[in-house]
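The values are calculated or read from the model by the stated rules, or taken from the named source; none is laboratory data. The shown structure was predicted, so the numbers you read here are calculated from the model rather than taken from an experiment. Glycine also receives a Cβ, built like all others from the backbone with ideal geometry; neighbour counts cover every protein chain displayed.
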């Protein structure tokens, strides 16, 4: 059997058409939403039905990360104390979710095979809630969506903005 240019072109065309049809089938099978009861891993990661979900566009302090905040002011002197801000972030997310059903709209999958998504308790965006209350920061490297929430928390000295802290991505790089 000899291949002519016409036969080769027909075979390439058939392969291309098959590829297009199967590509759309594979693409449509991607996870778009995960719903269920969440187990809190840390301030920006949850697990629903054994699927790990990293909250999109935000970064929370790491569990072992400490921050400083004022606890006493005498005149112009401030006394600071260290606290585990990563634990606070995790605990506040746990309290906020309060064993309710969470819905996450999946945007992507990261290099660690975690789903990246925006998660909601009823209609409230948890990503936004964490940043606007100072339990996480806007992760500008990946999204600009939560910058206004961060500015509001910073201006009102909420959460980690009450004192001094290292950005979570800098803390991870050092540790």
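Each residue in segment 72-96 was checked for being at pLDDT below 95 and either surrounded by 13 or more Cβ atoms within 10 Å (Cβ to Cβ) or more than 19 Å from residue 135 (Cβ to Cβ) (or both), and 9 of them qualify. Candidates in segment 62-71 are the residues that are surrounded by 14 or more Cβ atoms within 10 Å (Cβ to Cβ) and more than 14 Å from residue 162 (Cα to Cα); of these, the one that is nearest to the chain's Cα centre (by Cα) is 62.
If you check residue 51 against the conditions, is it in contact with a helix residue (DSSP H, G or I) (Cβ under 7 Å, 6 or more places away or on another chain) and surrounded by fewer than 17 Cβ atoms within 10 Å (Cβ to Cβ)?
Numbers: in contact with a helix residue (DSSP H, G or I) (Cβ under 7 Å, 6 or more places away or on another chain): no; surrounded by fewer than 17 Cβ atoms within 10 Å (Cβ to Cβ): yes.
No; evaluated as a whole, the condition is false for this residue.
Residue count for segment 142-165 under the criterion of being under 18 Å from the mean Cα position of the chain (by Cα), part of a loop (DSSP other than H, G, I, E, B) and surrounded by 14 or more Cβ atoms within 10 Å (Cβ to Cβ): the result is 4.
If you go through segment 52-80 and keep only what is without any contact (Cβ under 8 Å) to a residue 12 or more places away in the chain and in contact with a strand residue (DSSP E or B) (Cβ under 8 Å, 6 or more places away or on another chain), you end up with 71, 72, 73, 78, 79.
Selection of segment 81-98 for residues being under 12 Å from residue 68 (Cβ atoms) and out of contact with any strand residue (DSSP E or B) (no Cβ under 7 Å at 6 or more places or on another chain) yields only 84. Residues in segment 30-46 that are free of Cβ contacts under 8 Å to residues at least 60 places away in the same chain and within 26 Å of residue 166 (Cβ to Cβ) were compared, and the one that is surrounded by the fewest Cβ atoms within 10 Å (Cβ to Cβ) is 41. Every condition in (1) more than 17 Å from residue 63 (Cβ to Cβ); (2) within 12 Å of the chain's Cα centre (by Cα) holds for residue 130 except the one numbered (1).
Across segment 122-141, what is the number of residues that are buried (at least 16 other Cβ atoms within 10 Å of the Cβ) and part of a loop (DSSP other than H, G, I, E, B)?
Qualifying residue count for the region: 5.
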